[in-house]
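Taking it in order: structure first as C-alpha cells, then the write-up.
The values are calculated or read from the model by the stated rules, or taken from the named source; none is laboratory data. The shown structure was predicted, so the numbers you read here are calculated from the model rather than taken from an experiment. When we count neighbours, we look across all protein chains shown, and the Cβ atoms used for this are built from the backbone with ideal geometry, even at glycine.
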Amino acid sequence: MSRVSFPKDFVFGFSESGFQFEMGLPGSEDPNGDWWAWVHDTDNIRAGLVSGDFPEDGPGYWHLYRMDHDIAERLGMDAARLGMEWSRIFSKPTFDVKVDYSLEKRYITHINIKEEHLKKLDEIANKEAVEHYREIFQDWKARGKKLIVCLYHWPLPLWMHDPIKARRSALREGPLGWLDKRCVIEFAKYVAYVAWKYNDLVDAWATMNEPNVVYSQGYINVKSGFPPGFLDLGAAMKTMMNMIEAHARAYDAIKISSKKPVGIIYAVSCIEPLKSEDEDVARRARRESTYAFLDAITRGVIEQGNIIRDDLRGRLDWLGVNYYTRLVVTSDARLGWRAVPGYGFLCQPDSLSLTGRPTSDFGWEVYPEGLHKVLSDLYARYKLPLMVTENGIADKSDRLRPRFIVSHIHQTYLALKEGVDVRGYLHWALVDNYEWASGFNMKFGLCQVDLKTKKRYLRPSALIFREIATRKSIPEELQYLTEPPC
Ligand code: FCB
C-alpha cells in the first residue's frame with residue numbers, strides 16, 4: 001500500500017461540548033439551561049424519554065480540563081473544538097440591553113450591536129464563568145494548539161426556552177426558544193460579547209452545532225428525547241428558518257470584533273437510495289436535510305418561497321462536518337422520503353446491518369465510505385474549507401473503534417487526495433461523556449471514565465489514534481484497518 005500521509009498543517013484533535021462534559025464535580029453544575037430542566041423532569045424520566053442519568057455526575061471537564069488537555073497532548077492532538085454554554089455566561093436575561101435592528105418583512109436583516117452594548121452586557125455577564133472559560137482556553141492555547149470555539153451546542157438558557165412549559169401548552173406558552181424571534185437577537189448579543197471577550201485566544205469560531213438535529217429531534221422525531229418533544233412540522237420549519245437567520249446574525253456579530261473564520265457545524269449523513277428507482281428521492285432527501293440550510297447561509301437561497309436573501313448570503317467561512325453513518329432512503333407517500341430500517345442510523349445495537357456491516361452500541365452502522373462521499377459532495381457544492389468536526393462510535397468494549405478510527409481517517413485522506421480542502425479530523429470523543437437523552441449508556445471516549453473517581457483510562461484505540469496523529473500518517477502496520485468492515 002502507498003504512503004498515507006497528511007499535510008503538516010492538517011490537524012488531528014478532539015471535539016467537546018459544554019453540557020456533555022463540563023459537569024461532574026461540585027461547583028460545576030449549570031442548572032440554568034433548558035437541557036438541565038429537561039433531563040431532570042420527572043415526567044420525562046418516568047416516560048423513559050430520558051435516561052434518568054444526570055449531567056452533574058459527568059466527567060467533570062470544568063475542573064479537570066488540564067488533565068484532559070494533558071491526555072490530548074499525549075495522544076498527539078493539535079486542535080480542539082470546545083463548547084461554550086450560553087446559560088453559563090448569561091444566566092439572567094439580556095433583553096434589557098436594547099439594540100436596534102432592521103426588520104424587513106418578518107426578517108431580522110441586521111442587528112446594530114455597538115461597543116456600548118458590549119459594555120452593558122459585560123455588566124450582567126457571569127464573571128466567574130467568563131474568567132473560567134478564559135482559563136480553559138488559555139491552558140489549551142499555551143500548549144501551542146489550535147482552538148475552535150463552538151458557541152451553541154444545544155442548551156438554551158431557561159429564560160429563553162422552557163421546554164416543559166412549551167410542551168404542556170402545545171407551544172402556546174413560552175419562552176419558546178428558537179421559535180421566538182427574540183432568540184435570534186439575544187443569541188447575536190451573546191455571540192458578539194463572546195467574540196469581543198475571547199478573540200485573542202480563538203483560531204476559528206463555529207456559531208452552532210447541528211442545527212438540523214435541534215429542530216428535527218425537537219419537533220419531528222419526538223421519541224428521541226430532545227426538548228421540547230412536541231410533534232409539529234410547522235414548528236420544525238419555523239425553528240429551521242430562525243436558526244438560519246440566527247447563524248447569519250451571529251456571523252455578523254462575531255465579525256464586529258474578530259477576523260477569525262466563522263463556520264457552522266452540521267450533522268451530515270451519507271444519503272443513499274435503497275434501489276436505483278430511489279435516486280430522485282435520495283436527491284430530495286439530501287436537499288431537504290443538508291443543502292437547504294447550507295444554501296441559505298452561503299447563497300442566500302430560501303427554497304421555500306423561492307427567494308434570495310442578501311442578508312444571509314456569504315455568511316460562512318468554513319464548514320464543520322459531523323459524520324457518523326449513512327441513511328438509506330426510499331419513497332414515502334406521506335413525507336416524500338423515509339429512511340429504511342436495517343441501515344445507517346436505524347440498525348439494532350451491537351449487531352449487523354442488512355449489508356452485514358457491524359453496528360455500534362447505539363445501533364449505528366459502520367460505514368466509512370460515506371465520509372469520503374459527503375466531504376466530496378460538500379466541497380463540490382460550496383468550495384469552502386471543511387473540517388471533520390465529529391466522528392466516532394459508541395463502543396463500550398472498544399472492539400470496533402480501532403477499525404472505525406483508521407478507516408474513517410483513511411476516507412478523509414482519500415477525499416483530501418482528490419483535492420477536497422479538508423483541514424482536520426476531530427474525534428468524538430476524548431473521554432466518555434453524557435449522551436443527551438441516553439445519559440451515560442453510550443461510551444464514545446478514547447478514554448473510559450470512572451464516573452465515581454473521575455479517573456480516565458486509555459482505551460486501546462487511543463493508542464491507534466496517537467500513532468496516526470503523531471506521525472500525521474497511517475503507518476503501514478495499521479493499514480490493514482483501512483478497509484471498511486464487512
Ligand atoms: C452528535 C452530537 C454530539 C454527540 C454525538 C454522538 O450528533 O453533536 O453532541 O451526541 O452526536
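For region 399-419, the criterion of a residue being without any contact (Cβ under 8 Å) to a residue 60 or more places away in the chain, within 13 Å of the ligand (Cβ to nearest atom) and more than 25 Å from Tyr480 (Cβ to Cβ) is satisfied by no position. Considering only region 291-327, state which residues are assigned to a loop (DSSP other than H, G, I, E, B), away from the ligand (no atom under 16 Å from the Cβ) and at pLDDT 95 or above. The answer is Gly300, Arg309, Asp310, Asp311, Leu312, Arg313, Gly314, Arg315, Leu316, Asp317.
When region 141-150 is filtered for residues that are of a type outside the set (A, V, I, L, M), surrounded by fewer than 24 Cβ atoms within 10 Å (Cβ to Cβ) and within 20 Å of the chain's Cα centre (by Cα), only Lys146 remains. Out of Gly52, Gly83, report the one residue that is at positive phi and within 24 Å of the chain's Cα centre (by Cα). Result: Gly52 is the single residue among Gly52, Gly83 that is at positive phi and within 24 Å of the chain's Cα centre (by Cα).
Against the list (1) of a type outside the set (S, T, N, Q); (2) assigned to a loop (DSSP other than H, G, I, E, B); (3) in contact with a Ser or Thr (Cβ under 7 Å, 6 or more places away or on another chain), the condition Lys452 fails is (3). If the condition is being surrounded by fewer than 19 Cβ atoms within 10 Å (Cβ to Cβ) and of a type in the set (Ser, Thr, Tyr), then region 29-63 contributes only Thr42.
Restricting attention to region 117-157, which residues are under 13 Å from Val194 (Cα atoms) and among the small types (Gly, Ala, Ser)? Of everything in region 117-157, those that are under 13 Å from Val194 (Cα atoms) and among the small types (Gly, Ala, Ser) turn out to be Ala125, Ala129. List the number of the failed condition for Thr94; all other conditions in (1) within 17 Å of Pro155 (Cβ to Cβ); (2) within 16 Å of the ligand (Cβ to nearest atom); (3) surrounded by 20 or more Cβ atoms within 10 Å (Cβ to Cβ) hold. For Thr94, the exception is condition (2). Whether a residue is of a type in the set (Phe, Trp, Tyr), crowded, with 17+ Cβ neighbours inside 10 Å and within 16 Å of the ligand (Cβ to nearest atom) was assessed, and Tyr379 does not pass this test. Checked against (1) more than 16 Å from the ligand (Cβ to nearest atom); (2) within 21 Å of the chain's Cα centre (by Cα); (3) more than 30 Å from Gly314 (Cα to Cα), Gly363 passes all but a single condition, namely (1).
Yes/no matrix, rows are residues, columns are (1) surrounded by fewer than 24 Cβ atoms within 10 Å (Cβ to Cβ); (2) in a helix (DSSP H, G or I):
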residue: Ala129; (1), (2): yes, yes
residue: Gln138; (1), (2): yes, yes
residue: Tyr152; (1), (2): no, no
residue: Glu173; (1), (2): yes, no
residue: Ile185; (1), (2): yes, yes
residue: Val191; (1), (2): no, yes
residue: Met208; (1), (2): yes, no
residue: Pro227; (1), (2): no, no
